[in-house]
Amino acid sequence: MEAMQMDRSVRCEASVLAKAQQVRVVFLDVDGVLTDGGLLFSEHGETLKRFNTLDGHGIKLLQKAGIVPAVVTGRDSAPLRLRLKQLGVQHAVYGTEDKVPAAQSILDSLGLDWSQAAAMGDDWPDLPVMQRCALACAPRNAHAENLARADWVSDLPGGQGAVRQLCDLLLQAGGHYHRLLEAYLR
């Protein structure tokens, strides 16, 4: 299938673009997607996380375009909750390994279905959600099984702009990219 170059940041197949046009909610994992997957521990045992500001700005742009970012993660931490609050993410389920019921609950609350959803995951616990979504995505450094099942794979690894590339893809597919960019070029 022919790959399409959209603007400057995203390459994708025409079939991926068609799926992306229907997306109204994006499910994101945290460790390995919104972060690089590494865990830092303080001397007191507190888990520290490093988030990418490009990913964060992409999440804010999605919200401006009416696309809902949602987080479904197997971990829970104060730094994660703080970061999601700063980004205005209102739909998050923490500390769950069984991610499908959590994602279904979010879909139900939004009045959406799986055909309107995208998901980005990097490891096996993310596969059930990825397989149900219209658009399954993975960061470049995801596990081989996730890469094999992804409709679209970012050029970038998790925690280093992969989520921003997905946001750009969705914004471009939905026709929002240039309108949002113009506000910064004035």
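The values are calculated or read from the model by the stated rules, or taken from the named source; none is laboratory data. Since the model is a prediction, treat every value here as computed from it, not as a measurement. Positions of Cβ are backbone-derived with ideal geometry, glycine not excepted, and every protein chain shown enters the neighbour counts. These area figures cover heavy atoms from the full protein model, side chains too; ligands, DNA and RNA do not enter into them. Shrake-Rupley method; radii C 1.70, N 1.55, O 1.52, S 1.80 Å.
Note on LYS49: lysines with a C-alpha under 19 Å away, same-chain residues under 8 apart excluded, are LYS85. Derived from the Cα gyration tensor, the three semi-axes of the equivalent ellipsoid of region 145-186 are 26, 12, 5 Å, largest first.
Between ALA78 and LYS64, the modelled labels are 3.2 nm apart [label points 7 Å from Cα along Cα→Cβ].
Within a Cβ distance under 15 Å of ASP98, other residues only, what is the Lys/Arg minus Asp/Glu net charge? The answer is -2.
Between ALA144 and GLU97, what is the FRET efficiency for a Förster distance of 35 Å, r being their Cβ-Cβ separation, to the nearest 0.05?
0.95
Rolling a 1.4 Å probe over the protein heavy atoms gives the chain an accessible area of 49 Å² per residue. Rounded to 0.05, the FRET efficiency of the SER15 and LEU40 pair, given R0 = 41 Å and the Cβ-Cβ distance, is 0.55.
Classify the chain from the C-alpha gyration tensor, please: rounded if a/c falls under 1.5, else prolate or oblate depending on whether a/b exceeds b/c. In terms of gyration-tensor shape, rounded. In this rough spin-label picture, where each label sits 7 Å from Cα along the Cβ direction, the HIS57-ALA183 distance is 1.3 nm.
Listed by chain and number, the aspartates and glutamates placed with their C-alpha closer than 13 angstrom to that of LYS19 are ASP151; residues fewer than eight positions away on the same chain are left out.
Per-peptide packing, taken as the mean over residues of other Cβ atoms within 10 Å, places 140-151, 35-46 in the sequence 140-151, 35-46 from highest down.
Hey, any idea what % of the chain's accessible area is carbon plus sulfur with a 1.4 Å probe? So the carbon and sulfur contribution to the accessible surface is 50 percent.
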